[in-house]
Amino acid sequence: MRLLQWRWALLDIFAWLVAGTLAATIRFELIPSGTVVTNYLLVGIAAALTQLAVGYIFNLYQGRYRTASFDDFRNISVTTITVAVIVTIPIVAFHPVDFPRSMAFTSGVIALTIMIAARALHRVNYERSMTTLATAENVILFGAGEAGEQLARSMRRDPNAGFNPVAFLDDDPKYQNLRLEGVPVEGTRHDLSRLVRQTGATTLIAAVANADSTLLTDLSERADRAGVNLLVLPPVSQLVTQGVGIGDLREISEADLLGRAVVETDQQAISELIHGKRVLITGAGGSIGSELARKIQPFGPKRLFLLDRDESALHAVQMSLHGHALLEGEDVILADIRDPHRLTEVFDECQPEIVFHAAALKHLPLLQHAPKEAIKTNIAGTTNVLAAAERSGVEVFVNISTDKAANPTSVLGFSKRITERLTAELDSRNGARYISVRFGNVLGSRGSMLGTFTEQINRGGPVTVTHPDITRFFMTIPEACELVLQASVVGRGGEVLILDMGDPVRITDVANRLIRHSGQRIKIVYTGLRDGEKLHEDLVSDTEDGARPFHPKITHVRVPALDPSAARPDLREPDEEIRTWMAKMAYLVPEVSAPQPIRVASPESSSEEGLPASPRDRVRDARGGATS
């Protein structure tokens, strides 16, 4: 055994001997006879030898627990009490003269006190000897909970960590006036500026692993005003296996301020749905499709088929899943959802049991100018996927929709609303579950707002925003995909499930934060709302009545079904007529006559006409049944 453990064994022997002498002195009112002291010392020697034997059995001297930790104190207590019982048994049984029956227990209490005190003193001296480097920066920790205490402990025990914790802040009154790892709790977040001036701290650390975007936004603004940097921890789901350490700290990102949220999902139920099943993802190379693939893979599907028309995107997602991208095998499928014959071949070969339909065109301004492309991909493509899924006997079909389908005013919103209705109609005549999932903007997707703003700032500006008061809902891609998987479990056939996006975010505030973080003087230019664009998005339509029966972040609504035979406009019509048709179909105008089949493979050329001056008037007319 190591020398340190022998030292503790010798200390415990000494503790029993000292305890015997003190117990005799106390028992006989400070004037014990020589015989009594000798008897107590004999009991102490017997107990000390027994302590070594029992301590060996209980691994007390094998270095199993950190010195002076709770587990170490518990093991010492159990060992010492066991020794006192063992030594007391013969005294009680034989009751020799001048051997009081309580002597082993009184000696044991004193011995245990000495053992614990010695170990605690050792730990205090050890921690005091560990000083941070003179070059370490002073930091303030916000959050005096478990994560904050672990971080402070890591900083104090690693002289090379580069951080010196000087104070805690916490809004919970129960933590005020505490000292954790020798670091005092000095107030709440409102005391940050004062504490920075007093301590000279240069960094604020949000030591809260499940901090939401509201808290982080407030801390970020306070840190900016106090002139300190802000570091954060990853979500708690990334820390449960290895605990919290200095290496987990990172700079705050705009994604933290907009979409950071703790998502609680039923992992067991998701596993039961996916494990051992054949799963197919359309649009697997996109932001949502690729993240869904990464989320689904650990649940052990029998086969995971990745379908996309973009070969480079398929290469990237296969690399992220397997660490190689040979683009071989039947799991990687190059196909276009506009081609119904190709989809039939794919579904006949793969026989998927679960389909996540993420393939779609999503950029609102482009689709406003090219509505026929929205029909070809979003509507006709979804119809093709639905038909192939029905023929092959798919059990669960999840259509990825958007918040723009709620009270739609744009071609994108119209087309996705129609796909929700098409999906609901197929469920009404099929024993499987066909559902749609609706959510708003996802952070980090290709062409997203953050990427655009960052690029504009890097170019020196200006940053372009459509309207000073425009707001949008945001969530991170992992959060969205977690809830999509949860929705696939709880969704009932024919429903649209709407993910909780939190509070809407003012886009101008996001732009100002990014500019402030860049340290540059960059102007914001307001360009005006684009055709079909809302000032504020909706998640639930005016005609929908939502409920949350199964999950606190998922709202269930019903949408009226739409027969696919009615979703076939004549693509030879002018764009304005196409937009009007889409608005009518989205807003439930009955008896829409569309005798001509949709021409996906080789549509006739059509004249490009200007967009209507007032998209809201056009939609209002469509909802009332009038034609434009």
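Every number here is computed from the coordinates shown, using simple stated rules; none is lab data. Not measured: the values here are computed from a predicted model. All Cβ positions, glycine included, derive from the backbone under ideal geometry; neighbour counts span all protein chains shown.
Just a few scattered comments:
- Shape call, the stretch 142-197: gyration tensor on alpha carbons, a/c limit 1.5: oblate
- Efficiency of FRET between Thr67 and Ser253 - r from beta-carbon atoms, R0 45 angstrom, step 0.05: 0.65
- Angle in degrees between helix 411-428 and the longest Cα principal axis of the chain, rounded to the nearest 10: 80
- Neighbour-count ranking [beta-carbon atoms within 10 angstrom, fewest first] of Ser448, Ser69, Ser107, Ser392: Ser69, Ser448, Ser392, Ser107
- Counting only residues at least eight positions apart within a chain, or on another chain, the lysines with an alpha carbon under 16 Å from that of Lys534 are Lys362, Lys404, Lys416.
- Virtual spin-label span in nm between Phe14 and Gln198, 7 Å along Cα→Cβ: 4.1
- Measuring r between the beta carbons of His324 and Asp212 and using R0 = 41 Å, the FRET efficiency lands at 0.65.
- Treating r as the C-beta distance of Ala120 and Ala335 and R0 as 51 Å, the FRET efficiency rounds to 0.15.
- Inverse of mean 1/r across different Cα pairs in the stretch 27-80, Kirkwood, Å: 12.9
- Around Gly300: net Lys/Arg minus Asp/Glu count, Cβ-Cβ under 15 Å: +3
- Charge tally in the Cβ shell below 14 Å around Glu311, where Lys, Arg are +1 and Asp, Glu are -1, Glu311 excluded: -3
- Sum of -39500 (n - 2.57) over DSSP H runs of 4+, divided by residues of the chain (222 nm, nearest 500): -14000 deg cm²/dmol
- Gyration tensor (alpha-carbon) shape descriptor, the stretch 260-315, a/c threshold 1.5: oblate
- Local electrostatic count at Leu178 - Lys and Arg +1, Asp and Glu -1, tallied over other residues with Cβ under 12 Å: -3
- Helix 146-157 and the long axis of the chain differ in direction by around 60°, with both axes built from C-alpha atoms.
- Peptides 413-426, 137-150 ranked from most to least packed give 413-426, 137-150, packing being the mean of other C-beta atoms within 10 angstrom over each peptide's residues.
- Of all lysines in the structure, those lying under 21 Å Cα to Cα from Lys295, and not within fewer than 8 positions of it along the same chain, are Lys277, Lys553.
- Per-residue Cβ neighbour rank within 10 angstrom, fewest leading, Tyr40, Tyr526: Tyr526, Tyr40
- Degrees separating the helix 449-458 axis from the principal Cα axis of the chain, which is the longest one: 80
- Ordering of 301-309, 8-16 by packing is 301-309, 8-16, highest average first (other Cβ atoms within 10 Å, averaged per residue).
- Among Ile435, Phe453, Leu307 - extreme Cα towards positive end, dipole of the chain, charges at beta-carbon: Phe453
- Residues Arg459, Arg506, arranged from fewest to most other Cβ atoms within 10 angstrom of their Cβ, appear as Arg459, Arg506.
- Here the dipole of the chain is about 1700 debye; that uses its Cα centre as origin and unit charges on the Cβ of Lys and Arg (positive) and Asp and Glu (negative).
- Rounded to 5, the percent of DSSP beta bridges in the chain classed as antiparallel: 20
- Plainly put, the chain has a radius of gyration that is 1.17 times its Kirkwood radius, both from alpha-carbon atoms, as the Rg/Rh ratio.
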